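Each reported figure results from applying straightforward, stated rules to the coordinates on display, with no laboratory input. Note that the structure is predicted; figures quoted are calculated from it, not measured. Quick reminder, even Gly has a Cβ in these numbers, built from the backbone with ideal geometry, and neighbours come from all protein chains shown.
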Amino acid sequence: MTEIPKRSLETLYDSREIQDIWNYSQNMYTINDPEKGMITPNQYRATRAFKPCPFCGKKMVHGQDTYTTPSQEAAIRLKYYYFDKSGMKKFARIGNLYYHPHYITIDHKINKARCPEKMFDYDNLQAICWRCNQEKGDDNSFEINHTQEYINSLADEALAKYPSL
Ligand SMILES: [Zn+2]
């Protein structure tokens, strides 16, 4: 009997295969929305477009015709970039298309590569902006840290608004 290396038990599925399945399913009725019934991932994004991102609070945009560009020059002019935590300038880019940094994306609360059976599970999905999705990556502590930052910023705002009497 061949021994299964521990590493391969940590990742039971090839993350590229999982990503392919996800990409392939964007126009398939795979998500069971409790209000709307079966919807596609693209419909899921559309219904949440122009709402605030739950992490950064910025309005999430939607629509490839309006919020993407193939030109790097235009991407710079439109400020389709952001600075990551280490101060690095990052473009929101897939292939040769540049996206608005708050373009709407679907985030899997539990990573889809780790738990592919929850890939289309309504309760495992949330709409977040591109930038936050990139920053989150596979970091499971992102949500709690972000909530903490958000609460702190609210507290600071309240203090600024109501200086001690
Ligand atoms: Zn965001």
| field | Per residue Cα convex hull volume in Å³ - calculated over the range 12-155 | value | 134 Å³
| task | Loop only per DSSP, at most 15 neighbouring Cβ atoms within 10 Å: give me the chymotrypsin sites (Phe, Trp or Tyr not before Pro) in the range 39-119, ordered by residue number. | result | PHE50
| Dipole magnitude of the range 11-56, debye to nearest 20 (Cβ charges: Lys/Arg +1, Asp/Glu -1, about Cα centre) | 280 debye
| message | Through the Karplus equation 6.51 cos²θ - 1.76 cosθ + 1.60, θ set to phi - 60°, convert the phi angles of the range 81-86 into ³J(HN,Hα) values in whole Hz; use x for Gly and Pro. | response | 8, 8, 10, 7, 4, 8
| message | Give me, ordered by chain and number, the residues 5 or more places off TYR103 or on other chains with an amide H under 5 Å from its own placed amide H. | response | VAL61, TRP130, ARG131
